[in-house]
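Everything below concerns the one structure shown next.
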Amino acid sequence: MKFIYTGIRVRDLKRSVEFYTKTMGMKEVRRGKMHAGGVYVQLKGRDSEQELELNYYPPGKKYYEEYVEGSELDHLAFWCKDVRRDYKKALAGGATSAIEPWDESGFTLAFVRDPDGVWIELIGKKVK
């Protein structure tokens with residue numbers, strides 16, 4: 001597995017994008033909508049391999065929650081050659097299941113929680 005980005009929850013997507021691009025000097029590299037109704041924007045800093053993903057979940061959508069101090073860290077993401085295999089490996093290593101593997105737009109995704117409850121996304125190309 002390869003660590004690829006950190007995802008944080010934001011309450012105001014426009015405000016957050018403006019802050020990270022104008023103030024912090026990051027550049028927007030990708031933007032999209034999640035099947036569950038959220039919106040993500042991925043940013044990258046100059047001379048950095050890591051990305052920051054801003055996640056906005058509108059009220060009434062599946063992953064929306066009221067803001068709670070400390071809930072800003074949404075998830076860490078790891079690129080996998082075989083998400084289903086690595087999902088089982090993570091569970092065997094002490095993680096707990098958050099969302100079982102599913103296929104979306106040519107990718108397979110899954111979420112586990114580390115032993116302290118931090119969400120980890122496993123993502124990779126759909127294995128045929």
Quiz item: Out of (1) more than 23 Å from D103 (Cα to Cα); (2) open to solvent by less than 90 Å² (accessible area, probe 1.4 Å); (3) of a type outside the set (F, W, Y); (4) over 13 Å from the mean Cα position of the chain (by Cα), the odd one out for M24 is which?
Solution: (2)
Exercise. Looking only at segment 75-83, decide whether some residue is open to solvent by less than 30 Å² (accessible area, probe 1.4 Å) and closer than 21 Å to R9 by Cβ.
Key: yes
Exercise. Could you check, for segment 58-69, whether at least one of its residues is touching a strand residue (DSSP E or B) at 6+ places or on another chain (Cβ under 9 Å) and hydrophobic (A, V, I, L, M, F, W, C)?
Key: no
Quiz item: How do the pairs read when you match residues in segment 1-13 that are closer than 18 Å to F111 by Cβ with residues anywhere that are part of a loop (DSSP other than H, G, I, E, B) and open to solvent by 60 Å² or more (accessible area, probe 1.4 Å), using Cβ under 7 Å and keeping only pairs 6 or more apart or on different chains?
Solution: Y5/Q50; I8/E72; R9/E72
Quiz prompt | Pair list, Cβ < 9 Å and 6+ apart or interchain, from segment 90-118 residues that are under 21 Å from G32 (Cβ atoms) to residues that are part of a loop (DSSP other than H, G, I, E, B) and open to solvent by less than 40 Å² (accessible area, probe 1.4 Å) | solution = T108/C80; A110/C80
Quiz item: Among D103, D116, D86, which is out of contact with any His (no Cβ under 7 Å at 6 or more places or on another chain), of a type in the set (D, E), surrounded by 13 or more Cβ atoms within 10 Å (Cβ to Cβ) and more than 15 Å from G7 (Cα to Cα)?
Solution: D86
Quiz item: Taking interchain pairs and intrachain pairs at least six residues apart, which have beta carbon atoms under 8 angstrom, with the first residue in segment 67-89 and under 17 Å from D116 (Cβ atoms) and the second of a type in the set (K, R) and loosely packed, with under 12 Cβ neighbours inside 10 Å?
Solution: F78/K2
Exercise. Filter segment 37-68 down to the residues that are over 24 Å from T23 (Cα atoms) and among the charged types (D, E, K, R), then identify the one that is surrounded by the most Cβ atoms within 10 Å (Cβ to Cβ).
Key: K61
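The values are calculated or read from the model by the stated rules, or taken from the named source; none is laboratory data. It should be emphasised that the depicted structure is a prediction, and the values quoted were computed from it without experimental measurement. Neighbour counts are summed over all protein chains in view; Cβ atoms, including those assigned to glycine, are modelled from backbone coordinates with ideal geometry. Please note that ligands, DNA and RNA were not included when accessible areas were found on the heavy atoms of the full protein model with its side chains. Shrake-Rupley method; radii C 1.70, N 1.55, O 1.52, S 1.80 Å.
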